[in-house]
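Each remark here refers to the structure printed beneath this line.
The values are calculated or read from the model by the stated rules, or taken from the named source; none is laboratory data. All figures in this text were calculated on a predicted structure; none of them were measured in a lab. With ideal geometry, Cβ positions are generated from the backbone for all residues, glycine too; neighbour counts draw on all protein chains shown.
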Amino acid sequence: MSVRSAALFALLSVAILSGGCAPPASSPSTTPTPGSRPSSPAVVTILQPTPNQVITGRSVHVVLSLRNARIVPQTSTTIRPDEGHVHLFVDNVLVSMNYQLEQDLAVHPGTYVLKAEFVAADHAPFNPRVFSQEVVFVVH
């Protein structure tokens with residue numbers, strides 16, 4: 001491991017370990033304790049693309065619906081079960097951390113599996129995780 005890699009690893013380790021500390025007892029917050037995550041009433045659904053849709057072009061227009069929760073524009077460690085962001089996954093790889101319900105994703109010819117996840121304002125998942133159904137689409 002190079003000196004630069006070792007330094008980056010050490011910096012990330014410190015950041016991760018220090019970020020896992022609970023807030024002081026006097027702080028009023030709904031932030032969960034380390035290891036625990038709140039559940040969410042949210043329901044996220046992929047409206048576009050539709051299952052087995054064939055798309056031509058270099059992008060796919062993704063449209064989601066979100067019920068029982070709302071998207072907030074800021075990242076925060078104060079967690080509310082009905083506030084958060086949307087993460088998009090293509091073929092089980094995170095491709096977007098989003099603050100809106102519509103966006104275009106770059107694609108090339110092939111078959112894709114898309115799913116969305118509603119996550120807390122700190123970008124970490126709820127427990128249980130709030131995933132949409134997977135949607136398979138094809139690009140020509």
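Sort out for me the strands (runs of 3 or more DSSP E) sitting completely within segment 54-140 that have 2 or more residues that are β-branched (V, I, T), without any contact (Cβ under 8 Å) to a residue 40 or more places away in the chain and surrounded by 15 or more Cβ atoms within 10 Å (Cβ to Cβ).
Values: elements: 59-67, 83-90, 93-98, 102-106, 110-120, 125-131, 135-139.
Filter on segment 54-140 gives an empty set.
Residues in segment 42-53 that are touching a residue at least 24 places away in the same chain (Cβ under 8 Å) and not small (G, A, S): V43, V44, T45, I46, P49, T50, P51, N52, Q53. Reported count of residues in segment 90-140, each being hydroxyl-bearing (S, T, Y), closer than 18 Å to L64 by Cα and at pLDDT 95 or above, is 3.
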